[in-house]
Amino acid sequence: MSRDTLIVRVAQILLGITLLGLWELAAVTKWPDPVLAKSPGQTWSFLVKSASSGQLWSNTRATMTAVLIAWVLAGVAGVVAGVALGLMPRVERVLTPYLDSANAMPRIALAPLFIVALGINTSAKVALASTLVFFIVLSGARAGVRSTDAEWLRLSIVLGARKPQLFVKVLLPVATPAIFASLRLGLIYSLLGVVGSELISARSGLGQLIAYYSSTFRMEAVYGILLLLAVIAVVLNQVMGLLERRLLRWQPPADR
Amino acid sequence: MTMTSPTRSNLEEHAQTLTSDTNDAIRINNVSVAYGSDGRSSRPVLSGVNLTIRKGEFTALVGRSGCGKTTLLNAVAGLVDPTEGSVTVMGEPPRLARRHLGFMLARDALLPWRNALRNVEYGLELRGVSKAERRQTALHWLGAVQLLHAQHLWPWQLSQGMRQRVALARTWALNPDVLLMDEPFAALDMNTRQSVQQKFLELWQSEEHRSVIFVTHDLGEAIALADRIVLIGDGRVLEDVTVGIERPRDLEFVSANRRYQEIYHQLRAQIG
Ligand SMILES: Nc1ncnc2c1ncn2[C@@H]1O[C@H](COP(=O)(O)OP(=O)(O)O)[C@@H](O)[C@H]1O
Ligand SMILES: [Mg+2]
């Protein structure tokens, strides 16, 4: 570890301790409201209890299953659609106003619709999250394909490349960094979509737990689950970052 | 890649194939090219170009920027279909003759996600050469351009000169009968350019059966490298000059040659 990294790490830990201290202080002084004022200690003991009863695990699993299903399905669909649109500018021009307005819609507003249509189950959560992931990945893949250098295509064609080879050996690798960046963002949005859907109505999941505990004023439980969600988001992001660095070793460091 | 629609009948192409001289690598017959929706609406870039290039001949194409050099090269590569006339490469229509072609551009066009070795293998891979064979061939040509030590580096880790040498190795790995080169060294700085030119000339002179069409706007480069200089202007061939400087040439001293000076003064005014 270099000197700089060491300083940064120490500062991060100190900041964390300070924030915990402020939280504890707010709890002790009952600020801003006695209902909200729950200490880190209370939150921690909720997490421990909930984890040992299996409640935390089964709900985390319900949420993450939906997150991953939505991410994979909408991710694949988004890549295919984005690459296709990137290669067919005329089709893209026809579809653009529709895609833009669909993407501009506040997606959480669709949650009740999906719940009525699909029932209070995993499908409804997956559907909502998919509408977020799909558009993010679509625009990433489209931009990626667009960044193809015409000279690469010209050279490849003269050297004998056929259409499928152009796709596999030029267009996909060109688009990989942009696709990866969008998949990484898409994973976080998938979590957002699933938890949002669960908040509105669900049988299980971390969002549903938050809804339940806040309606019964169990704020230490709400804080605990929020913390857990934050940890999950950070871990997902780190895993994607690691994968990205391995896959994109060929990029100059400045572009990574 | 925009391509105008084909206008020649297959029959015509076939007749062309039968009548072509077996000593000719490239035949450009009365070729006109116009860009635009139907290929005829705008003023043609090329109008009635005739040019025959023999096997083993090194021809430089020169002319003002925008005169249609790249367009002519693209017609030979089958990237642009002539609105009129026809092209044959090794007796075949361009698109069927790509196995004979090597291609180099001003920008090296190395694929950034392939290391130097895999970039050299690229053309062989596209042509379905087995993995072991293409690796062996690529290593051979990387050695020929003194870059064996750089085989595992990514393109961004190479200097401009090294990148263009990788592009040379990629081209030679295909063992092409016809080399199409579009200002291949234009992006290099002066010193690097001369060393890469010298390397290129060495490779070409070591087995002189390859025909070259070398596009450049640098008249000095054209005279130093080529057997023949074709000046394009007003959509056609304006001058066709035989260089006649003996080979092998040393690029350090070629500009002192009398023929070099003569040709330079004869053509300079027309290039501008
Ligand atoms: N794809 C294209 N569509 C329309 N016009 C083109 C295209 N490519 C080249 N041109 C035009 O044709 C002329 C010749 O271009 P080019 O062959 O690139 O010239 P050079 O290589 O000699 O500089 C230029 O006026 C250029 O603007
Ligand atoms: Mg040009």
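Here are B:237, B:212, B:254: which of them is buried (at least 22 other Cβ atoms within 10 Å of the Cβ) and either within 16 Å of ligand 1 (Cβ to nearest atom) or more than 14 Å from every other protein chain (Cβ to nearest Cβ) (or both)?
The match here is B:212.
Which number in (1) on the phi < 0 side of the Ramachandran plot; (2) outside any helix (DSSP H, G or I); (3) within 10 Å of chain B (Cβ to nearest Cβ) marks the one condition that residue A:165 misses?
(2)
Against the definition (within 16 Å of ligand 1 (Cβ to nearest atom), at pLDDT 95 or above and under 15 Å from the mean Cα position of the chain (by Cα)), how does residue B:105 come out, yes or no?
no
Name the pairs: first residue in the stretch B:99-116 and more than 9 Å from chain A (Cβ to nearest Cβ), second residue acidic (Asp, Glu) and crowded, with 21+ Cβ neighbours inside 10 Å, Cβ to Cβ under 6 Å, at least 6 apart or on different chains?
Within 6 Å, no pair qualifies.
Among B:227, B:182, which is the only one that is surrounded by 14 or more Cβ atoms within 10 Å (Cβ to Cβ), of a type outside the set (A, V, I, L, M, F, W, C), over 28 Å from residue A:152 (Cα atoms) and under 17 Å from the mean Cα position of the chain (by Cα)?
Details: B:182 fails: over 28 Å from residue A:152 (Cα atoms).
Of B:227, B:182, the one residue that is surrounded by 14 or more Cβ atoms within 10 Å (Cβ to Cβ), of a type outside the set (A, V, I, L, M, F, W, C), over 28 Å from residue A:152 (Cα atoms) and under 17 Å from the mean Cα position of the chain (by Cα) is B:227.
Do we find a residue being away from ligand 2 (no atom under 16 Å from the Cβ), more than 9 Å from chain A (Cβ to nearest Cβ), out of contact with any helix residue (DSSP H, G or I) (no Cβ under 7 Å at 6 or more places or on another chain) and acidic (Asp, Glu) anywhere in the stretch B:72-83? Don't jump to the end; show me each part of the working.
Going through the stretch B:72-83, the residues away from ligand 2 (no atom under 16 Å from the Cβ) turn out to be B:78, B:81-83.
Next, from what is left, pick out any that are more than 9 Å from chain A (Cβ to nearest Cβ): B:81-83.
From the residues that got through so far, the ones that are out of contact with any helix residue (DSSP H, G or I) (no Cβ under 7 Å at 6 or more places or on another chain) too are B:81, B:83.
Now narrow it down to the ones that are acidic (Asp, Glu): B:81.
Yes; the residues of the stretch B:72-83 include at least one that is away from ligand 2 (no atom under 16 Å from the Cβ), more than 9 Å from chain A (Cβ to nearest Cβ), out of contact with any helix residue (DSSP H, G or I) (no Cβ under 7 Å at 6 or more places or on another chain) and acidic (Asp, Glu).
Residues are listed down the side, and each one gets a yes or a no for (1) buried (at least 18 other Cβ atoms within 10 Å of the Cβ); (2) closer than 30 Å to residue A:256 by Cα; (3) touching a helix residue (DSSP H, G or I) at 6+ places or on another chain (Cβ under 7 Å):
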| site | (1), (2), (3) |
| --- | --- |
| A:182 | yes, yes, yes |
| A:187 | yes, yes, yes |
| A:205 | yes, no, yes |
| A:214 | no, no, yes |
| A:221 | yes, no, yes |
| A:224 | yes, no, yes |
| A:235 | no, yes, no |
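Take the residues in the stretch B:47-71 that are more than 13 Å from ligand 2 (Cβ to nearest atom) and of a type in the set (A, V, I, L, M, F, W, C), then tell me which one is farthest from residue B:223 (Cα to Cα).
Checking each candidate, the answer is B:49.
Within the stretch A:1-35, can you find the residues that are touching a Phe, Trp or Tyr at 6+ places or on another chain (Cβ under 9 Å) and part of a loop (DSSP other than H, G, I, E, B)?
Result: A:35, single match.
Regarding residue B:27, is this residue over 25 Å from residue B:266 (Cβ atoms) and within 14 Å of ligand 1 (Cβ to nearest atom)?
no
Go through A:138, A:153, A:132 for me and flag whichever is assigned to a helix (DSSP H, G or I) and within 14 Å of another protein chain (Cβ to nearest Cβ).
A:153
Take the stretch B:62-85 and flag every residue that is within 12 Å of ligand 1 (Cβ to nearest atom) and either at positive phi or of a type in the set (S, T, N, Q) (or both).
The answer is B:63, B:65, B:66, B:68, B:70, B:71, B:74.
Can you go through B:59, B:88 and tell me which one is touching a helix residue (DSSP H, G or I) at 6+ places or on another chain (Cβ under 9 Å), at pLDDT 95 or above and either more than 14 Å from every other protein chain (Cβ to nearest Cβ) or at positive phi (or both)?
Values: B:59 fails: touching a helix residue (DSSP H, G or I) at 6+ places or on another chain (Cβ under 9 Å).
That would be B:88, the only listed residue that is touching a helix residue (DSSP H, G or I) at 6+ places or on another chain (Cβ under 9 Å), at pLDDT 95 or above and either more than 14 Å from every other protein chain (Cβ to nearest Cβ) or at positive phi (or both).
Any idea which of B:120, B:33 is buried (at least 22 other Cβ atoms within 10 Å of the Cβ), farther than 30 Å from residue A:175 by Cβ and either of a type in the set (A, V, I, L, M, F, W, C) or more than 14 Å from chain A (Cβ to nearest Cβ) (or both)?
The conditions single out B:33.
Quick one: would you say residue A:241 is modelled with pLDDT of 95 or more, part of a helix (DSSP H, G or I) and not aromatic (Phe, Trp, Tyr)?
No, not satisfied.
Can we say residue B:187 is in contact (Cβ under 8 Å) with a residue 40 or more places away in the chain, more than 16 Å from ligand 1 (Cβ to nearest atom) and closer than 14 Å to residue B:108 by Cβ?
So residue B:187 fails the test.
Would you mind telling me which numbered condition in (1) of a type in the set (Gly, Ala, Ser); (2) within 14 Å of another protein chain (Cβ to nearest Cβ); (3) crowded, with 17+ Cβ neighbours inside 10 Å residue B:159 fails?
If we test residue B:159 against (1) of a type in the set (Gly, Ala, Ser); (2) within 14 Å of another protein chain (Cβ to nearest Cβ); (3) crowded, with 17+ Cβ neighbours inside 10 Å, just (3) comes out false.
The values are calculated or read from the model by the stated rules, or taken from the named source; none is laboratory data. Please read all numbers here as calculations on a predicted model, not as lab measurements. FYI the Cβ positions are ideal-geometry reconstructions off the backbone, even for glycines, and counts take in every protein chain you see.
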